[in-house]
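> I have a structure I would like to understand better, so I am pasting it below and will then ask my questions one at a time.
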2 protein chains.
Amino acid sequence: MKACGLIVEYNPFHNGHLYHIQKAKEISQADCIIAVMSGAFLQRGEPAIIDKFHRTKAALASGVDIVLELPYLYAVQSSDYFAYGAVNTLNEIGVESICFGSESGSITNLIASYKHYKGKESVYKEKLKQYLDEGMSFPDASQLAYRAIGLTDTAIDLKKPNNILGFSYIKAIMDNHLSIEPLTVERIQSNFHDKDITTSIASATSIRKKLFETDAILEQVKQTMPNETVRQLQRYKETAGLWHTWENYFPFLHYRVMTMSSKELQKIAGVDEGLENRLKKTAKDITTFKDWMHAIKTKRYTWTRLQRMFVHLLTNTKKSDLALIKQPSSVPYIRLLGLTQTGQTYLNKRKKDIAVPIVHKLGKDISLMLKIDERASDAYYSILTPTLRYKYRQQERHGPIRLL
Amino acid sequence: MKACGLIVEYNPFHNGHLYHIQKAKEISQADCIIAVMSGAFLQRGEPAIIDKFHRTKAALASGVDIVLELPYLYAVQSSDYFAYGAVNTLNEIGVESICFGSESGSITNLIASYKHYKGKESVYKEKLKQYLDEGMSFPDASQLAYRAIGLTDTAIDLKKPNNILGFSYIKAIMDNHLSIEPLTVERIQSNFHDKDITTSIASATSIRKKLFETDAILEQVKQTMPNETVRQLQRYKETAGLWHTWENYFPFLHYRVMTMSSKELQKIAGVDEGLENRLKKTAKDITTFKDWMHAIKTKRYTWTRLQRMFVHLLTNTKKSDLALIKQPSSVPYIRLLGLTQTGQTYLNKRKKDIAVPIVHKLGKDISLMLKIDERASDAYYSILTPTLRYKYRQQERHGPIRLL
């Protein structure tokens, strides 16, 4: 029984994701599709629009056989850590291949780029450091460093977000000599930041934008997603009363910063280079999350980096917690969020070969990393009513979602 | 110009307080009444029903000439620390006397009790330690220790809450050899825990109880308080949308505990003897503040002690912060919340004799203790909308309230 791994956020699950799954099955010839998905908070430093269990249901209904949770510490990270955690999780569960979407669409070119990079890695790193020291932002510095080793002149445009991620996946596979075949599918709609929705395929970003424009907008984006996503979005809104956005978290974030000292703030992951003072200072006059971001933002920090810092603040994630992922080592567990009958069959056949514990529900004291996932999940639900917090937390203590 | 000091919470200001002021003027023959008042959080570990500025307005309208804020670290403390901070603040501003309400009503008996106690202080402390070590709660242990030195058999019943406080005020004056004359007024309604309101005099506890029973209940307790209190209560409710109770803070408190480790909880003032584990454990199944209190409560901890712990948690007050008050030393500043023309005249005449800085508004970096007051105030307002938080915080940066 062959498995193909996907690395996803499904925020929310849409027709582009459906196409990705179908293509992945076709190219990989796999019998089982395994997705490793971010949990409560996403790579770009945002809360997921609906919780991981509702997103899992949508995924299982559309062709994914097993949904695993990417540990928080890897999920809210720059692409290299994110990729390492995701690829490593898929490796532990035994996939033969990983299939990702990219703007390039050519695995040959991506691998060639990686090999070119690998031969000049030390030059790249030296240049990167130099540009950062000159005060350049990371994306700019990184782009120039790639150019310095002749990489941006190859067939791969490493400014495109999915090419960057794809490059990181290949790095994670090859640097660690994993026996996983990388595969890629060209993204139908390559413009990631597209805001207009005209066809049945739209980016998650543009779908979320529409969803947050007005309340009754679900109707307008229905054509871009499977029915099960529409159902899960509807159900969540009806029960929880909201879809999660940063603004919902403002009261908690602000409360936290107002009652923390600069010294305490300094311990939080991402609060670097005097940001603790900027946070304290700006907090005094701020009434929305957006204004806060603008008040803190300078050329030095990317929007994403600051958002990640806010996620760490909200979840009370310390610099010392990050030590858990700074050295490449195997993920300490596999968190199972949901599975189909096919997924169950796969697990039954393979479980004797899986070296790390498979976590079906929270409660046992398995790993500090898992405790941090739980803390992130609790922070995520904090904006709901006390009763709903309790109810949704309980899901973590039941088994995974089964679509049998 | 003579000044008499009062130690108050005004939660809210009622006719009993008015009587207290009139009696204090009469007995002390003072020209100026100076009240030192708890700010956002009160001695028994509760949020004040309305904020300190609205309570200050009510007090100034009813005969108080100067309102000072008792620093948070003293305000949310057992009676000895509370009394020390309050008496010391009044001493710094130069009052000739302090007048407090008590069930006893006899200053001669209270002073006699203090002197009796003083002669047997070491026996009392030894007994107290012994009873505490036997697992007794503090109030029980203290009562038995007093009995052991023959104190509860004197004219003063040291189980009555205002006698206890009065005893502490006298201790603070005499132990520190302050030249302040202690005076007392017998409380009209001596039953502190009375819940029925039949006359124009009722306890603050019973008034609050009525106020929280239903929304439109202000009418029913109107006869127990001056018009200005009614006005301030009304105005606060109209603007802020609520009167503060513990339940309002549940989401923030719960969020905080869910995202803190036991090790971090252990650093919080009042989180002693394994309470950090009890907090973490009970938090999982709890949806109201009241249920949480009941889930944590054991014979070992008084209700008040646990509530104080929750205040410290909410305000992020550490055990290390308490070091600031553990050694008797002068208060580092006097925080001026409001004054009348008489109060202004008094300050003009006396200010050259006042050794510590008088703080008119926040902003300057005067003392860690003042920073903690500000943090407490921020935590207090955290349950309001972001715009109101901002508005109310701004009051702290304006000068004191002037009723001229």
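> In what sequence, highest mean first, do A:292-304, B:27-39 appear when ranked by Cβ atoms within 10 angstrom?
B:27-39, A:292-304
> A follow-up question, please. What does the C-alpha gyration tensor say about the overall shape of chain B? Classify as rounded when a/c is under 1.5, otherwise prolate if a/b is larger than b/c, or oblate.
It comes out rounded by the Cα gyration axes.
> In straight Cα distance, which lysines are under 17 Å from A:LYS319, not counting same-chain residues fewer than 8 positions off?
Here the lysines satisfying the reach criterion relative to A:LYS319 are A:LYS263, A:LYS267, A:LYS371, B:LYS263.
> Any chance you could check the range A:249-290 for residues losing 40 Å² or more of accessible area when the partner protein chains are in, compared with the chain on its own (1.4 Å probe)?
A:PRO251, A:PHE252, A:TYR255, A:ARG256, A:MET258, A:THR259, A:GLU264, A:LYS284, A:THR287
> May I ask you to derive the FRET efficiency for B:SER78 and A:ASN176 from their Cβ-Cβ distance with R0 = 51 Å, giving the value to the nearest 0.05?
Numbers: r = 59 Å, r/R0 = 1.15.
The value I calculate is 0.30.
> Could I ask something else about it? Can you spot the aspartates and glutamates whose alpha carbon is less than 19 Å from B:LYS284's alpha carbon? Ignore those fewer than 8 places along the same chain.
Qualifying aspartates and glutamates at Cα under 19 Å: A:ASP51, A:ASP365, A:ASP373, A:GLU374, A:ASP378, A:GLU396, B:GLU247, B:GLU264, B:GLU276.
> Once you have the alpha carbon radius of gyration of the range A:219-273, what is it after dividing by 2.2 N^0.38 Å, with N set to its residue count?
Cα Rg divided by the expected 2.2 N^0.38 Å: 1.79.
> OK, next. I'd like the carbon and sulfur percentage of the solvent accessible area for the protein assembly as shown, probe radius 1.4 Å, heavy atoms only, ligands and nucleic acids excluded.
51 percent
> What's the Cα-based Rg to Rh of the range A:8-139, Rh via Kirkwood?
The Rg/Rh ratio comes out at 1.01.
> What is the log10 of I(q)/I(0) for the range B:37-103, computed with the Debye formula using one identical point scatterer on each Cα and no solvent, at q = 0.20 Å⁻¹?
Debye intensities relative to I(0), on a log10 scale: -0.91.
> Can you tell me how the range A:62-161 classifies by the Cα gyration tensor, rounded, prolate or oblate, using a/c under 1.5 as the rounded cut? Walk me through the intermediate numbers first.
On the way: a/c = 2.33, a/b = 1.62, b/c = 1.44.
Cα axes put the range A:62-161 in the prolate bin.
> Considering only DSSP beta bridges whose two residues both sit in the protein assembly as shown, what percent are antiparallel, to the nearest 5?
Values: 12 of 60 bridges.
Bridges in the protein assembly as shown are about 20 percent antiparallel.
> Could I ask something else about it? Sorted from largest down, what three extents in whole angstroms do the Cα atoms of the range B:335-385 have along their principal axes?
40, 24, 12
> Another one. Assigning unit charges at the beta carbon (Lys, Arg +1; Asp, Glu -1) and nothing else, what dipole magnitude in debye, to the nearest 20, does the protein assembly as shown show about its Cα centre?
340 debye
> Roughly how big is chain B's charge dipole about its Cα centre, with Cβ charges of +1 (Lys, Arg) and -1 (Asp, Glu), in debye to the nearest 20?
On the way: 56 positive and 42 negative charges, 153 e Å.
So the dipole magnitude of chain B works out to roughly 740 debye.
> Go ahead and run the numbers for FRET between A:LYS159 and A:LYS351, Cβ-Cβ distance against an R0 of 41 Å, rounding to 0.05.
FRET efficiency, A:LYS159 to A:LYS351: 0.50.
> Using a 1.4 angstrom probe on protein heavy atoms only, which residues from the range A:369-404 are buried by at least 30 Å² of accessible area when all chains are present rather than their own chain alone?
With the partner chains in place, the range A:369-404 has these residues losing at least 30 Å²: A:ARG375, A:ASP378, A:PRO386, A:ARG389, A:TYR390, A:ARG393.
> Could you bin all the Cα-Cα distances of the range A:198-238 into 10 Å bins starting at 0 and give me the percent of pairs in each, rounded to whole numbers?
Result, from short to long distances: 29, 65, 6 percent.
> Starting from the amide H of A:ILE149, placed 1.01 Å from N in the peptide plane, find each other amide H under 5 Å away whose residue is 5 or more places distant or on another chain.
none
> A follow-up question, please. Distances in nm, one decimal, shortest first, from A:LYS125 to the same residue in every other copy, taking the label point 7 angstrom along Cα→Cβ.
Ordered by distance, the counterparts are at 6.2 nm.
> Where does each of B:105-111, A:312-318 land if you order them by average Cβ count within 10 Å, highest first?
The packing order, highest mean first, is A:312-318, B:105-111.
> For the range A:124-166, place one equal point scatterer on every Cα, skip the solvent, and apply the Debye formula. What is log10 of I(q)/I(0) at q = 0.21, 0.24, 0.26, 0.27 Å⁻¹?
-0.63, -0.78, -0.88, -0.92
> What residue among B:MET293, A:GLY270, A:LEU336 has its Cα farthest toward the positive end of the dipole of the protein assembly as shown, where the charges are +1 on Lys, Arg and -1 on Asp, Glu, each on the Cβ?
Result: A:GLY270, furthest along the dipole toward the positive end.
> Mind giving me the nanometre distance, one decimal, between the label points for B:ASP291 and B:GLU126, set 7 Å out from Cα along Cα→Cβ?
4.9 nm
> Determine ³J(HN,Hα), in whole Hz, for all residues of the range A:24-37 in sequence, where each value follows from phi through the Karplus function 6.51 cos²θ - 1.76 cosθ + 1.60 and θ = phi - 60°; x replaces Gly and Pro.
4, 4, 5, 6, 7, 6, 8, 8, 9, 9, 10, 9, 9, 10
> Right, next: Rounded to the nearest 500, what is chain A's calculated 222 nm mean residue ellipticity when only DSSP H runs of at least 4 contribute -39500 (n - 2.57) each, over all residues?
Estimated from H runs of four or more residues: -15500 deg cm²/dmol.
> Shifting gears a bit: So what J values fall out for the range B:337-353 if you push phi through Karplus, 6.51 cos²θ - 1.76 cosθ + 1.60 with θ = phi - 60°, rounded to Hz, Gly and Pro as x?
Calculated HN-Hα couplings, in order: 9, x, 7, 9, 4, 4, x, 4, 4, 4, 4, 4, 6, 9, 4, 5, 8 Hz.
> Now for a different question. Among B:PHE212, B:LEU306, B:LEU242, whose Cα lies farthest out toward the positive end of the dipole of the range B:207-344, if unit charges sit on the beta carbon of Lys, Arg (+1) and Asp, Glu (-1)?
Most positive-ward Cα: B:LEU306.
> For the pair A:ARG235/B:GLN223, report the inter-label distance in nm, with labels modelled 7 Å from Cα in the Cβ direction.
In this crude label model, A:ARG235 to B:GLN223 measures out at 5.7 nm.
> Please report, in Å, the Rg and the Dmax of the range B:99-149, where both are computed over Cα atoms only.
12.6, 37
> HN-Hα J couplings of the range A:128-145 from phi, Karplus 6.51/-1.76/1.60, θ = phi - 60°, integer Hz, Gly and Pro as x?
4, 4, 4, 5, 5, 4, 6, x, 6, 6, 4, x, 5, 4, 4, 4, 5, 5
> Sequence neighbours fewer than 8 away in the same chain don't count; with that in mind, list the lysines whose C-alpha is under 17 Å from A:LYS25.
Those lysines meeting the cut-off are A:LYS2.
> Just the ratio, please: alpha-carbon radius of gyration of the range A:238-374 over 2.2 N^0.38 Å, N its number of residues.
Details: Rg = 19.2 Å, N = 137, 2.2 N^0.38 = 14.3 Å.
For the range A:238-374, the normalised Cα radius of gyration is 1.35.
> I need the fraction of alpha carbon pairs in the range A:114-189 separated by more than 20 Å, rounded to a whole percent.
Working: 1002 of 2850 pairs.
Counting every Cα pair in the range A:114-189, those more than 20 Å apart make up 35 percent.
> I'd like to know which of B:ALA75, B:GLY166, B:LEU132 lies farthest towards the positive end of the charge dipole of the range B:75-169, counting +1 on Cβ of Lys and Arg and -1 on Cβ of Asp and Glu.
B:LEU132
> 7 Å along Cα→Cβ for the label point: how many nanometres lie between A:ASP175 and each equivalent label in the other copies, listed shortest first?
Result for A:ASP175, in nm, nearest copy first: 6.1.
> Quote the relative contact order of the range A:343-404 in percent (integer), defining contacts as alpha-carbon pairs under 8 Å separated by 6+ residues. Walk me through the intermediate numbers first.
Details: 21 pairs, mean separation 25.7, N = 62.
Result for the range A:343-404 is 41 percent.
> Here's another thing I want to ask about it. Check A:LEU337: other-chain or 5+ apart residues with amide H under 5 Å from its amide H, H built from backbone geometry?
It is A:VAL67, A:LEU68, A:GLU69, by chain and number.
> Ok, one more. So what is the orientation-averaged projected area of the range A:277-335, using the convex hull of its C-alpha atoms, in nm²?
Values: hull surface 23.3 nm².
Over every viewing direction, the Cα hull of the range A:277-335 projects on average to 5.8 nm².
> Given charges of +1 on the Cβ of Lys and Arg and -1 on the Cβ of Asp and Glu, with all other atoms neutral, how large is the dipole of the range A:28-104 about its Cα centre, in debye to the nearest 20? Don't skip to the end; give the middle numbers.
Details: 4 positive and 9 negative charges, 54 e Å.
So the dipole magnitude of the range A:28-104 works out to roughly 260 debye.
> Considering the protein assembly as shown, what Rg and Dmax in Å follow from its alpha-carbon atoms?
31.7, 97
> Computed FRET efficiency, Cβ-Cβ of A:ALA323 and A:GLN394, R0 30 Å: what is it to the nearest 0.05?
In this case the efficiency is close to 0.45.
> Roughly how big is the B-A contact, given as buried accessible area in Å² (both sides, 1.4 Å probe, nearest 100)?
The summed interface area works out to 2600 Å².
> Could you list, in their original order, any pairs among B:LYS127/B:LYS318; B:LYS57/B:LYS361; B:LYS129/B:LYS297; A:LYS318/A:LYS364 whose Cα atoms are separated by more than 27 Å? Write out the running numbers ahead of the final one.
Values: B:LYS127/B:LYS318 29 Å; B:LYS57/B:LYS361 16 Å; B:LYS129/B:LYS297 22 Å; A:LYS318/A:LYS364 22 Å.
Cα-Cα > 27 Å for B:LYS127/B:LYS318; rest within.
> Further question on the same structure: On the full set of protein chains, 1.4 Å probe, figure out the accessible area of B:LEU362 and give it in Å² to the nearest 10.
B:LEU362 has an accessible surface of roughly 10 Å² with all protein chains in place.
> Between copies, how far apart are the B:THR304 label points? List them in nm, one decimal, shortest first, with each point 7 Å from Cα toward Cβ, please?
Copy-to-copy label distances at B:THR304, shortest first: 5.6 nm.
> With a 1.4 Å probe and all protein chains left in place, how much accessible area per residue does chain B have, in Å²?
Working: 16180 Å² over 404 residues.
About 40 Å² of surface per residue is accessible.
> Just to be sure I understand the curve: with the Debye formula and one point per C-alpha of the range B:315-404, what is log10 I(q)/I(0) at q = 0.11 Å⁻¹?
Those come out to -0.41, one per q.
The values are calculated or read from the model by the stated rules, or taken from the named source; none is laboratory data. These numbers were taken from a predicted model, which means no experiment stands behind them. Neighbour counts run over all protein chains shown; Cβ positions are idealised from the backbone, glycine included. For accessibility, only protein heavy atoms count, side chains too; no ligands or nucleic acids. Shrake-Rupley method; radii C 1.70, N 1.55, O 1.52, S 1.80 Å.
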